[in-house]
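Okay, structure first, notes after.
The values are calculated or read from the model by the stated rules, or taken from the named source; none is laboratory data. Note that this is a predicted model, so its numbers are computed, not measured. With ideal geometry, Cβ positions are generated from the backbone for all residues, glycine too; neighbour counts draw on all protein chains shown. Ligands, DNA and RNA are excluded from the accessible area calculation, which covers all protein heavy atoms including side chains. Shrake-Rupley method; radii C 1.70, N 1.55, O 1.52, S 1.80 Å.
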Amino acid sequence: MPQDKGLYMPASIPRLDDKFINNLSDYTLPEIAFHVAKNLLGDDILGEDLKNIIDDAINFLAPIVKLEENFFVLELWRGPSLAFKDFGARFMSRVMAYFLEKGEKQLDVLVATSGDTGGAVALGFLGVPDSRVTILYPKGKVSEIQELQLTTNGQNIRAVEIDGTFDDCQALVKQAFTDKELNEKFRLTSANSINIARLIPQTFYYFNAYAQLLKQGINKVVFSVPSGNFGNIGAGLLAWKMGLPAEYFIAATNVNDTVPQYLKTGHYAPKPSVATLSNAMDVGDPSNWVRIADMFKDNISALKSLVTGYSYDDDETMAAIKFIFDNYNYVACPHTAIAWQALRDWQQDNFKPDVAGVFLSTAHPCKFPDVYPESISNKINVPDQVKELTKKEKHRVALGKDFEGFKEYLLKNK
């Protein structure tokens, strides 16, 4: 993170050649990932090394599943932590390990999580030499499975439970990056989506989804994206800038609706986050919004021609979960259900028979067992790695939301 508290962006955003875009259906997900990453990273990572990183990191599928005519779900939870964050966390950890040389100062990764980021980062960095991860999560605001993913790793992974919200956790991480004493004593970096290395690999699955649609004879698409810190939709818009032929993007939020309100009023007003069933989206001041604004040079009319926002409360989220289950026999996590509802509402006013709608499914429903009525929860297939987690003991340190207390913890636990 830069010392001026801004965020890094690529110096320039390359446009992929038309031949590649028009023939995406000929490529596998790793091949797409390599082409996209190579264009963004240039010669910073040698071609063969980059291929090896991608093959190791993106070793799972991200299929689109057809629910009805021109209506698809993009399943992004098939990685080891059962969330879309595996794309970013696994790629980023391997890139960092690639640049770390033996004997260098330990890399200290600070990460705030509202639910899924921490688990993906923990598994991504677990056992990586010369690295240590400190995960901050809000007390009582992550699910039981998510907390187990954060607190049962051991080795080079530490969990810190903050008595506050995700925004408080994120503020502590950001302040640490600009603290002179901490930067002298530690080699700090972030694994949140404020790190550009998280967003780059998230572009891969947008291109891959489009490739899958091309195989079905579809070449126009609208993406509905569950949105919290706006890294996911930020990656989609980065892909669009690189040439992805998306017609439109829908930012689907819970009641933490800072961006949907901005898109309606033109007034950007961050606010304290509110706890909801879709906890990974409980963000009142999304960090990545500045990246999106930068991509559009703060031209709100240009932005609104490509992006719209919808927001839903918990009752509407539950109604969406039940509708999806009753009509498609499909169990959606709360975040996914919000993206489905936003796409459905948008299509009612903007239906075009030649445009497919794709909503992003960001987490496996087993992570949120308390959300569902028994009739739905009984249908959830719980993966073996989750069953194993429940046998492990949690290890975490409890802190308040004041920066001095967090700083003292870091300094005392070098």
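Some observations on this one:
- Checking Met96 against (1) under 18 Å from the mean Cα position of the chain (by Cα); (2) under 17 Å from Ser193 (Cα atoms), the condition it does not meet: (1)
- Only residues that are open to solvent by 10 Å² or more (accessible area, probe 1.4 Å), in a loop (DSSP other than H, G, I, E, B) and either among the aliphatic types (A, V, I, L, M) or over 20 Å from Asp315 (Cα atoms) (or both) were counted in the range 270-286, giving 7.
- Residue check for Val128: touching a strand residue (DSSP E or B) at 6+ places or on another chain (Cβ under 9 Å), surrounded by fewer than 24 Cβ atoms within 10 Å (Cβ to Cβ), outside any helix (DSSP H, G or I) and among the β-branched types (Val, Ile, Thr): yes
- Taken over the range 357-391, the criterion of being out of contact with any strand residue (DSSP E or B) (no Cβ under 8 Å at 6 or more places or on another chain), touching a residue at least 60 places away in the same chain (Cβ under 8 Å) and in a loop (DSSP other than H, G, I, E, B) is satisfied by Phe368, Pro383, Thr390.
- All positions within the range 395-414 that are of a type in the set (D, E, K, R), loosely packed, with under 13 Cβ neighbours inside 10 Å and part of a loop (DSSP other than H, G, I, E, B): Lys414
- Qualifying residue in the range 162-184 (condition: among the hydroxyl-bearing types (Ser, Thr, Tyr), open to solvent by less than 10 Å² (accessible area, probe 1.4 Å) and not in a helix (DSSP H, G or I)): no
- As for the range 250-269, it holds at least one residue that is open to solvent by less than 20 Å² (accessible area, probe 1.4 Å) and out of contact with any Ser or Thr (no Cβ under 9 Å at 6 or more places or on another chain).
- Hits in the range 1-28 - residues which are closer than 25 Å to Ala211 by Cα, open to solvent by less than 80 Å² (accessible area, probe 1.4 Å) and either assigned to a loop (DSSP other than H, G, I, E, B) or at pLDDT below 95 (or both): Pro10, Ile13, Pro14, Leu16, Asp17, Asn23, Thr28
- Taken over the range 35-84, the criterion of being assigned to a helix (DSSP H, G or I), touching a residue at least 40 places away in the same chain (Cβ under 8 Å) and open to solvent by less than 60 Å² (accessible area, probe 1.4 Å) is satisfied by Val36, Ala37, Leu40, Leu41, Asp49, Ile53, Ala57.
- Residue match in the range 202-216 (condition: more than 30 Å from Trp346 (Cα to Cα), assigned to a helix (DSSP H, G or I) and of a type outside the set (D, E, K, R)): no
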